[in-house]
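Below is one structure, written out as structure tokens, with a few remarks after it.
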Amino acid sequence: MSGSTFGELFRVTNFGESHGPAIGCVIDGCPPGMALSEADIQPELDRRRPGTSRHVTQRNEADAVEILSGVFEGQTTGTPICLLIRNTDQRSKDYGNILDTFRPGHADYTYWRKYGLRDPRGGGRSSARLTAPTVAAGAVARKWLRQQHGTTFTGWMSALGDIGITFEDEAEIPNNPFFAANRSQIAQLEAHMDALRKAGDSCGARIEVRARGVPVGLGEPLFDKLDADIAHAMMGLNAVKGVEIGSGFGVVAQRGSEHGDELSREGFASNHAGGVLGGISTGQELVVSLAIKPTSSIRLPKASIDRAGEPTVVETFGRHDPCVGIRATPIAEALLALVVMDHALRHRAQCGDVQLTVPAIPASRT
């Protein structure tokens, strides 16, 4: 299957299926000499791991990562790094009733029409289970970027279904199962999810993600713009239906006198551009927002067809997230880290000798 490799110099190839023996990735292009162990990767996987609250799928996977290659005596060697995550809690029998039918809103129909066959167990290759290796690869990129440039990544949920979530305090993000920068609305969010689960339905979410301490100059003109690659990466995340950079669709109602981020010796006056101008990073925060659709696998009966084209009704059993957006925050952070990592290496390769005598302006004065 093509389309499983991401990046130019920092290349990540994802492999496996939801109910296969294991999933994982191969990272090619990681610079040598960086200290790396499973302990650097596991905390990020634990943030994404299923079964951590009643509001997500109860599939109980440890998501324990194993480093199979590319590390010797605790340091990266510059050769391909293979990361393996074994599947241990598959329940393939839950999907026996959809072998010959197609779940509305899911990839069942399109995979079958494209390849002539499909793995119905948990969605096979189209499952969000395959985001775990992405998070693992992102942890490697995050460590290198933090050490080399001081770059950090933070994400949070800003809306659950039709409930807007007020940003109160970033310190609250790890204190609740929604990755919300909020304390006062958690009971409301939990009640909303309990009602959805009882009804057998699902909802969407909005996720915000930021990269801070991004070097100036990342990205390339025209078709390899930094923001274009960010959008490309984020649209590769299951259930994402929209990506905004900076003010996003809000720019439609802005005027030029408002939108253009003014510069001075003290820094940028605003960041409507989201940290990217002309496809190249400004050194400000990268500002990205994602729209995630409701989970397609729900218990409620939905009209569909079978492989013979005959009408039928589909009810999805098994263990599913009533809102896939709840666990999307660490995945979005990882994807942004992979894009920044790849562009940092590309910039170093082409422009590592560029020297400017004028000082860079601060990222922002706001």
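Some observations on this one:
- Compared with the alpha-carbon gap, the fully stretched path from Glu8 to His149 is longer by 48.8 nm at 0.36 nm per residue.
- Inter-probe distance in nm under a simple model that places probes 7 Å from Cα toward Cβ, at Ala253 and Glu66: 5.4
- Point-charge dipole on Cβ atoms (K/R +1, D/E -1) for the chain, about Cα centre, debye to 20: 760
- Of the two radii for the chain, the radius of gyration is 0.98 times the Kirkwood radius, both from the alpha carbons; that is the Rg over Rh value.
- Of Ile85, Ile67, Ile331, the one that fluctuates the most in a GNM where the chain has Cα springs shorter than 10 Å: Ile67
- Rounded, prolate or oblate (a/c below 1.5 giving rounded, otherwise prolate when a/b exceeds b/c) for region 184-242 by Cα gyration tensor: oblate
- Partner lysines whose Cα lies under 16 Å from the Cα of Lys293, excluding those fewer than 8 positions away in the same chain, are identified as Lys241.
- Chymotrypsin sites (Phe, Trp or Tyr not before Pro) lying in DSSP loop within region 244-345, provided at most 16 other Cβ fall within 10 Å: Phe317
- Remark: Leu263, Leu338 ranked as Leu263, Leu338, counting other beta-carbon atoms within 10 Å and listing the fewest first.
- Karplus-based coupling profile of region 24-39, in residue order and whole Hz: x, 8, 10, 9, 10, x, 5, x, x, x, 8, 4, 8, 8, 4, 5, with θ = phi - 60° in 6.51 cos²θ - 1.76 cosθ + 1.60 and x standing for Gly or Pro.
We did not get these values from a lab; they are worked out from the coordinates using the rules stated. What you are looking at is a predicted structure, and each value in this text was computed from that prediction instead of being measured. Glycine gets a Cβ as well: all are built from the backbone with ideal geometry, and neighbour counts include every protein chain shown.
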